[in-house]
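Step one of this worksheet: look at the structure below.
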Ligand SMILES: [Zn+2]
């Protein structure tokens, strides 16, 4: 309808990574439980290792705190319940003493069957990092830092520097409103392990 506005948006998308998920309307401020579900849905869809039906299972494993490593949680999941037969494990390229329960096996897509012992863990890690970004932004919003002149915004803290999308963002400061939680479009990271740190300029307090 407005060709000029349309053009502007397209240009902005080229220079600035935009999150995969559709931004939520301001009126609908999601609850943490809803954020968890969206994080898991994004991870299942982006990685393609688990079937969409596994969403509830992974949401159930997504903890509030990063206390137990997803590997531990999911090893227990693979250990629990009826196990695949030795022949079935062999077909998947697994040792006979590897744990793979039938329910965990049923969650796997074709791509997931290539990495049957890692698929759940990768999905849960990616979801966990998204949820932790949400938590860190929430805690900054709730802190006294916002509105203080020493607070300059949020600084990207990127782990995977080889990613063409995340890597260049490391150390870049953006405003709190600009900070998003979902992995970026075009990001090549499996787990999208990046976070935010508050950017604080203590000298600003002295520049009166
Ligand atoms: Zn990336």
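Observations, loosely collected:
For (1) surrounded by 17 or more Cβ atoms within 10 Å (Cβ to Cβ); (2) under 22 Å from residue 71 (Cβ atoms); (3) under 12 Å from the mean Cα position of the chain (by Cα); (4) more than 14 Å from the ligand (Cβ to nearest atom), each residue gets a yes or a no:
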{"residue": "123", "(1), (2), (3), (4)": "yes, yes, yes, yes"}
{"residue": "159", "(1), (2), (3), (4)": "no, yes, no, no"}
{"residue": "162", "(1), (2), (3), (4)": "no, no, no, no"}
{"residue": "178", "(1), (2), (3), (4)": "no, no, no, yes"}
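- Where residue 74 falls short, out of the listed (1) within 21 Å of the chain's Cα centre (by Cα); (2) loosely packed, with under 14 Cβ neighbours inside 10 Å; (3) at pLDDT below 95: (2)
- Candidates 168, 116, 198 - the one that is farther than 17 Å from residue 65 by Cα and within 11 Å of the ligand (Cβ to nearest atom): 168
- Unique match (being at pLDDT below 95 and over 30 Å from residue 170 (Cβ atoms)) among 27, 21, 12: 27
- Some residue of the stretch 131-151 being surrounded by 21 or more Cβ atoms within 10 Å (Cβ to Cβ), within 26 Å of residue 188 (Cα to Cα) and within 16 Å of the ligand (Cβ to nearest atom): yes
The values are calculated or read from the model by the stated rules, or taken from the named source; none is laboratory data. Quantities reported herein were computed from a predicted structural model and do not represent experimental measurements. Every residue, glycine as well, gets a Cβ built from its backbone with ideal geometry; the counts of neighbours run over all protein chains shown.
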